[in-house]
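Computed from the coordinates by the stated procedures, all read-outs in this text should not be read as laboratory data. Just so we're clear, the structure is a prediction, and the values are computed from it rather than from any experiment. Quick reminder, even Gly has a Cβ in these numbers, built from the backbone with ideal geometry, and neighbours come from all protein chains shown.
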Amino acid sequence: MVKRWLPWVLKGGLSVGLIWFAFRNIDLAEAWSRAKTIDSMMLAAALALGIGQVLIGAGRWWLVLRALRSTFSAIQALPVFYIGVCFSIVTPVLGDAVRMWKANHSGLSLKTSVNSVMLERIMTILGLVLLVAAMEPLLLARVPDVPGTWVFPLLSVAGIAGLAFISQLDRLPASLHRWRVVRGLVHLAGDTRLLVRRVPFSLGTLAVAIFGHANLALVVYVLAIGLKIDVSLLDCLILFPPVILALTLPISIAGFGLRENIMIVAFGWVGVAPGSAAVLGLMFGLTSIVTALPGGLIWMLSGDHPKLDEIEHIEEEAEEEAEKNEMRG
């Protein structure tokens, strides 16, 4: 029980601490006043874009499934993906694990459920890194003295090399296959090659991933208009993708605290006051939660809920299933 709940307690404590750190020198009354006066039309537009983001994400996952020759349809993929989005409110890792479990119980093989989610996550992060690297010249033109400009070009090269490396992991010496993690990666390698070789699907997945990140930047821009914060769409396209990348780290609940602190730094480069940047980050987080909640309704109506142990051991079960299939072959 302690092992299960301690990580969530720590993440909750870290989120509270980060939120306090973000707002410690900010006039909370002024911040609350700004948040209350957000334009209702812009808020509605941000929520609509958030729902659109779910559709984009489901389409991205479906392209990976198609590349893996799965018969899982787009109609089947959407509710399963939406359920994962809802659980991602807590942490992306939990959202992915629940999506794997739900996909398997909706008719997808456990091996494909696990590998498709992992590959979709990898391609999403790679698309984000490539987008940030591509936008760096515009960032430097806007903020010439921004530090760490070498990071994302290096990460882009590392991401592409990493994808190639994963695709060759089934060539590892047989002596290493006694390790469970190695056996899992060996099974992932074949599906990675399948995705990469089916170029229309791999490039399509990458393109949809980049489009999705741009859409999130648009959500931030629309919220900024509603909050009367003076930033341009180009500013949001340049500055918000690195924030998204940081939010993939499962170290806080729903990204609260971490997101606001990073936005204070990032948007401070273009003259946004810390209080305004923090409120913008907080409103983005709340908007994301609202648009994710319908996934919870889908989950409750599905009537098919896993035990915690089943979610925790889903990758082990996928590995065992893959090994049984190999033996049958």
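Overall, the ratio between the Cα radius of gyration of the range 79-186 and 2.2 N^0.38 Å, rounded to two decimals, is 1.37.
Taking the fewest neighbouring Cβ atoms within 10 Å as the starting point, the ordered list for Met283, Met263 is Met283, Met263.
Approximating the spin labels as points 7 Å out from Cα along Cα→Cβ, the Ser106-to-Arg180 distance works out to 2.7 nm.
Listed by Cβ neighbour count within 10 Å, with the fewest neighbours leading, Asp235, Asp145, Asp230, Asp191 appear as Asp145, Asp230, Asp191, Asp235. Projected label points at Phe211 and Ala273, each 7 Å from Cα along the beta carbon direction, are separated by 3.9 nanometres. Remark: relative contact order (the range 32-82) = 33 percent; criterion is Cα-Cα distance under 8 angstrom and separation of 6 or more residues. Extension gain for Arg197 to Leu138 (0.36 nm times residue separation, less C-alpha to C-alpha distance): 18.0 nm.
Here the residues Trp299, Trp179, ranked from fewest to most Cβ neighbours within 10 Å of their Cβ, fall in the order Trp179, Trp299.
Here the calculated FRET efficiency for Arg171 and Trp150, from their Cβ-Cβ distance with R0 = 35 Å, stands at 0.65, rounded to the nearest 0.05.
What's the center-to-center distance, using Cα atoms, between the range 112-160 and the range 65-111 in Å? Centre-to-centre (Cα) distance: 24 Å.
May I ask you to work out the translational diffusion coefficient for the range 91-130 at 4 °C, viscosity 1.567 mPa s, via Stokes-Einstein with Rh from the Kirkwood sum over Cα pairs, reported in whole µm²/s? Approximately 124 µm²/s, per Stokes-Einstein. The P(r) of the range 151-294 has a tail past 28 Å containing 38 percent of all C-alpha pairs.
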